[in-house]
1. For segment 333-347 and segment 431-472, what is the centre-to-centre distance using only Cα atoms, to the nearest Å?
2. What list do you get for HIS377, HIS358, HIS526 if you sort them by fewest beta carbons within 10 Å?
3. Please compute the Cα-Cα pair-distance distribution of segment 382-528 with 10 Å bins starting at 0, giving whole percents from short to long.
4. Cross-link candidates for LYS198: which aspartates and glutamates have Cα within less than 13 Å, leaving aside residues fewer than 8 places away along the same chain?
5. I need two numbers for segment 256-310: Rg to one decimal and Dmax as a whole number, Cα atoms only, in Å.
6. What percent of all Cα-Cα pairs in segment 71-201 falls in each 10 Å bin, counting up from 0?
7. Which pairs, out of LYS75/LYS268; LYS380/LYS423; LYS268/LYS423, put more than 29 Å between their alpha-carbon atoms?
8. How would you order 349-357, 213-221 from highest to lowest mean count of nearby Cβ atoms within 10 Å?
Amino acid sequence: MKLHQRYVFLLTVFIVALVTVSVILTVTSQQQLYDTVKGVQGVIKRQLEMRQRPVPNKFVRQLTAEEFRENPLYKTGNPLIDQYTNNDLSAPGEFGRALVMPADLQDNATAALNTYHINVLASDMIHLNRMVPDSRFPGCRTKQYPHDLPPASIIIPFHDEWPSVLLRTVYSVVNRSPRHMLWEVVLVDDASTMDKLKGELDEYIASQFPVGLVRVLRLRERVGLIRARMEGIRLEPLLHQVQSDRQSVALGHLDYVQPDTFLYDWHKGYLTRYGFDWRLVFFETFFKPLTAGQDDTTPKPGALMVGAAFAVDREYFLEIGGYDEGMDVWGGENLELSWRIWMCGGSLIHVPCSKIGHIARVQPYSFPGGRREIEVHNYKRAVSLWMEDNHRRFIYDHYPDMENADAGDLSERVALKQRLGCKSFSWYLDNVWPELTVFDKDSTAWGAVRNPDTNLCLDNHSFLFTYPEPLYADSCHGKLATQGFALTTGGLLRSSLQCLVVKEETDGARVQLEDCIIGPADIWAHPQ
């Protein structure tokens, strides 16, 4: 592991931003795609240059990162930074609007979207310093934070990311971060093959940003997202949470950028927390009702982190072992790190006043050796290290090939777990994620619920959320993930995540699934 660091602070924080990803393309197809749209790009580039009037620079020479942090009024000479907030709001895609593709470019745009899983032509038509609406809760706008929050390094790993998507991410960080808190932006190039991401990217960054503020760390070999983040280690609401509690990991709330039109998509008043089931499927769900003294802006504990954006004290992150570099490429690292943080004395905290735009697209990652094999390997490492046998059996029920899969050498991680004095997975379920049912714990019966006349079993259809959902009867297959139920000693009939309740509807009563931690649940009996 190689750590890149120029200065040591009493409290240093880094933020991992995963909005850039790798794609399944050959070098030839990437270059052909670029050649297809580069003529249009030239026109767009001229349009951008005409729309951004130059700003006189206070300095004859280029600003340094230190000068940039020193005074927010200093001009950089780059209008995409100096004129930010004075954007032409009628420009394509500005203020988070969906871009309407001209009819004569629609075929090229469709080809680009089908090939790259992002409409890169649309991206090239939108300003790199695009403004988006303020999606925070109203109370966030009046909050005051200390001025002496720790400086942050932003780490952005990428592999063959489209240049305008990557640069818009960088401009977003530079333009939206308080200058005195932004130490550096580190772009970790995970062995990209696109020519435009090599010398041209370096030249652009060197000429358009303050010296030392944005830098590219290039990896000679493809190492995957997990290790690329570790290679790059080194704002306001997130930093305040970390400063308040060194052992807390602050999670930003994701808004979504649609991959076809680049619409900035958010819902007023919506705040999500993250969870998982026995299939290790990651999903979004709601927070429990607010308790006394809380409001929409209050930081809230969460069970699971999303890997796309979080802030953590750098030294604390390394003390608890960083990412497990025995994992490959992508998958399972957010689960493993979440369990380790909670079980080893830390906490995951959702910060409602931190909003981060994330491009959600069809899975674009390439998995050397096969995606299924990589995921099984990563998950096997996580569950072998952190779960007890009575929990692992529920995982293996759904993934039978995982039970005998090779997890690799875990001795270093086992020693870390012992050194940190970590709690058990049972503690985690009792205190952090009680929504997940341990079928044979405090239950009088568990397994499938079968109708002997029809030979059909109750099935939750992989439902993951908290609001009411109809229950189904399907052919019995014996898998606990969707047909597992437990009758608790208190009379609740629980699936893996919800309880069965009876809802009165216009056409009569119907059995449904609903969160049983938050709301009232019906009592059931099973006469023997």
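Bear in mind these aren't lab numbers, they're just calculated from the coordinates by the rules spelled out. What you see is a predicted model; the values in this text were computed from it and never measured. Cβ: placed from backbone, ideal geometry, glycine included. Neighbour counts: every protein chain shown.
1. 27 Å
2. Numbers: HIS377 22, HIS358 17, HIS526 10.
Fewest-to-most ranking of HIS377, HIS358, HIS526: HIS526, HIS358, HIS377.
3. Percent of pairs per bin, in order: 10, 35, 32, 16, 6, 1.
4. ASP160, GLU161, ASP189, ASP190
5. Radius of gyration, then largest Cα-Cα span, for segment 256-310: 13.8, 42 Å.
6. Each 10 Å bin holds this share of Cα pairs: 10, 32, 37, 17, 4, 0.
7. On the way: LYS75/LYS268 35 Å; LYS380/LYS423 19 Å; LYS268/LYS423 38 Å.
Exceeds cut-off: LYS75/LYS268; LYS268/LYS423.
8. Details: 349-357: 22.3, 213-221: 16.1.
The most tightly packed comes first, giving 349-357, 213-221.
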